[in-house]
1. For residue 229, state whether it is more than 26 Å from residue 141 (Cα to Cα), in contact (Cβ under 8 Å) with a residue 12 or more places away in the chain and either under 18 Å from the mean Cα position of the chain (by Cα) or buried (at least 19 other Cβ atoms within 10 Å of the Cβ) (or both).
2. As an exercise: evaluate residue 171 against (1) outside any helix (DSSP H, G or I); (2) buried (at least 16 other Cβ atoms within 10 Å of the Cβ); (3) in contact with a helix residue (DSSP H, G or I) (Cβ under 9 Å, 6 or more places away or on another chain) and give the number of the one condition it does not meet.
3. Looking only at the range 150-179, which residues are more than 17 Å from the chain's Cα centre (by Cα) and touching a residue at least 40 places away in the same chain (Cβ under 8 Å)?
4. Wholly within the range 25-116, which strands (runs of 3 or more DSSP E) include no fewer than the required count, namely at least 3 residues that are surrounded by fewer than 20 Cβ atoms within 10 Å (Cβ to Cβ) and touching a residue at least 24 places away in the same chain (Cβ under 8 Å)?
5. Looking only at the range 136-149, which residues are in contact with a strand residue (DSSP E or B) (Cβ under 7 Å, 6 or more places away or on another chain) and either free of Cβ contacts under 8 Å to residues at least 40 places away in the same chain or under 17 Å from residue 207 (Cβ atoms) (or both)?
6. I'm trying to understand the selection: among the residues of the range 34-63, which are more than 16 Å from the chain's Cα centre (by Cα) and on the phi > 0 side of the Ramachandran plot?
7. Which numbered condition trips up residue 1, out of (1) free of Cβ contacts under 8 Å to residues at least 40 places away in the same chain; (2) part of a loop (DSSP other than H, G, I, E, B); (3) surrounded by 17 or more Cβ atoms within 10 Å (Cβ to Cβ)?
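The values are calculated or read from the model by the stated rules, or taken from the named source; none is laboratory data. Computed from a predicted structure; not experimentally measured. FYI the Cβ positions are ideal-geometry reconstructions off the backbone, even for glycines, and counts take in every protein chain you see.
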């Protein structure tokens with residue numbers, strides 16, 4: 001059993017959904033972590049959930065990015081730990097400098113709440129470990145500022161480094177304007193850090209982790225994290241066996 005941290009800010013409202021998905025659907029250890037916490041070393045994975053942290057005052061995620069816990073999140077990530085930021089969590093990771101770019105108002109200037117299709121663009125991250133490139137997941141979105149934006153140089157860097165993890169597509173897999181719910185540049189739905197262990201995405205996998213909610217494609221993302229942790233544990237155990245024999 002692994003230990004997941006769900007960061008809680010004033011205004012978080014998807015923290016319990018994440019906790020339920022990890023604890024009750026997948027049966028892993030999970031703990032709410034208040035934004036004043038300064039040490040996350042006891043955890044195996046960190047979730048920065050959606051919501052309206054600090055009422056979205058100033059800019060979405062801007063105030064939350066200055067919370068004490070975000071230094072701990074940065075330290076956790078720098079040590080290779082998997083960090084996933086969902087919706088407002090994505091916005092917070094961007095504001096904290098853990099991911100590049102910006103999230104601005106939807107091109108429609110309307111709040112968008114609906115199911116979308118996203119295509120897996122790479123499967124060598126902790127979050128897509130059980131998936132295949134080209135797989136299409138049906139996952140809901142709910143945001144007013146989910147329009148991912150970056151400069152021409154920024155988008156070139158993301159493409160050159162293969163840091164786009166998910167794109168909005170049609171059910172047939174086409175990255176068309178009609179499939180884009182918010183106007184995000186290049187139909188981007190999720191990106192990762194240069195090392196690949198920090199993911200930000202606007203869709204809510206925790207809201208579709210069981211069939212009761214209308215779909216369970218989101219479960220695949222959380223299960224990927226668990227499988228990736230399993231693989232890392234197995235690798236460490238294999239490395240320790242020769243050392244143990246040598247000591248004997």
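1. Details: more than 26 Å from residue 141 (Cα to Cα): yes; in contact (Cβ under 8 Å) with a residue 12 or more places away in the chain: yes; either under 18 Å from the mean Cα position of the chain (by Cα) or buried (at least 19 other Cβ atoms within 10 Å of the Cβ) (or both): yes.
Answer is yes for this residue.
2. Every listed condition holds for residue 171 apart from (2).
3. Restricting attention to the range 150-179, the residues satisfying the condition of being more than 17 Å from the chain's Cα centre (by Cα) are 150-157, 159-161, 169-179.
Matches in the range 150-179: 150, 154, 157, 169, 170, 171, 173, 175, 179.
4. Per the criteria, 29-34.
5. So the first thing to find is which residues in the range 136-149 are in contact with a strand residue (DSSP E or B) (Cβ under 7 Å, 6 or more places away or on another chain), and the list is 136-143, 145-149.
Result: 136, 137, 138, 139, 140, 141, 142, 143, 146.
6. 54, 55, 56, 58
7. All conditions pass for residue 1, except number (3).
Residue by residue, here is whether (1) at pLDDT 95 or above; (2) out of contact with any helix residue (DSSP H, G or I) (no Cβ under 7 Å at 6 or more places or on another chain); (3) more than 20 Å from residue 95 (Cα to Cα) holds:
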residue: 8; (1), (2), (3): yes, no, no
residue: 14; (1), (2), (3): yes, no, no
residue: 24; (1), (2), (3): yes, yes, yes
residue: 33; (1), (2), (3): yes, no, no
residue: 46; (1), (2), (3): yes, no, no
residue: 55; (1), (2), (3): no, yes, no
